[in-house]
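Data block below; observations after.
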Amino acid sequence: MRIEQVFLNSGTTIAAFLSVWVMLWLPIAVPLAIVLKWHPPQPPTMQQKLPLVASLYAIAPLILWGFSHLQQQSFSIYGLTWNPSSLISILSGLGIAVLGLLILYGILKTLGWLVWNSEQVPSLLATVLPTLGIALWISTTEELVFRGFLLNQLQNDYSLAIAAIISSAIFAVLHLVWDGKEALPQLLGLWLLSMVLVLARWLDGGSLGLAIGLHAGWVWGIASLDTAQILHYPERNLAWVTGNGKPLAGVFGILLLLTTGAIMWAIAAP
């Protein structure tokens, strides 16, 4: 299959969605960038990034609703439904993700590649709830766009496997927009993360609940620890193994994703 064939049909719809999304966001983003003193293509700092991402993600559901209306489809076709089953899936995903991170960091600590700063525990506790809210919002939006809309569109023309590979590649590459060169070591991890989340949606019968929970749990755990500055990586650690605060850039982070996917498959695969 030639690469130009991949984006012949579904790619047109995806390109239209991304174009509309950016065009509607620019009138908001430009004044924000001026106020925040962000000068592209320089990657934004965390203080600059949060309001920019918030404004971008706030309009995504409205655009997707418009696209579903034009296609005469229910918004729920993207896998986002609110019912007791979805809530259970979200909570299950949160639990799996947080447990996985605890095991990951516990192993790194045992090996001497990670030091916990116990003095920052109060700061961590103060961060947990606000970070959870942000993580759920970001994860719900990204799952709706990438494992919902994009995956659905690609499946109109291709098998689930090919659609998963393409949508995951788009997900990974778009992180370069925000993080620039810093995202390069994480591209493989980001692609694999998306593949695991596609698997989660498939195992959850097409619902995004489990994928949202997993995604939110990973974002919540990593962001909370980073914000509280509770982790310290000694100089003697191997960055390509630990990721130095960016798990997706290290071997252990990749192993966490592979293990999570394998366990989910073993438990829930039909």
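Numerical summary
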| read-out | value |
| --- | --- |
| Of TYR158, LEU80, TRP65, farthest towards positive along the dipole that unit charges on Lys, Arg, Asp, Glu beta carbons give the chain | TYR158 |
| Dipole magnitude (debye, nearest 20) for the chain, charges at Cβ of Lys, Arg, Asp, Glu | 140 |
| Whole-Hz couplings from phi, Karplus 6.51/-1.76/1.60, listed for region 117-128; x for Gly and Pro | 8, 4, 5, 8, 4, x, 5, 5, 5, 6, 8, 4 |
| Whole-Å distance, taken between Cα centres, linking region 120-165 and region 188-253 | 11 |
| Region 1-132: relative contact order in percent, alpha carbon pairs under 8 Å with at least 6 residues between | 17 |
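Values quoted throughout were computed directly from the atomic coordinates according to the rules given, and no laboratory measurement underlies them. Not measured: the values here are computed from a predicted model. Note that we place each Cβ from the backbone using ideal geometry, even for glycine, and neighbour counts take in every protein chain shown.
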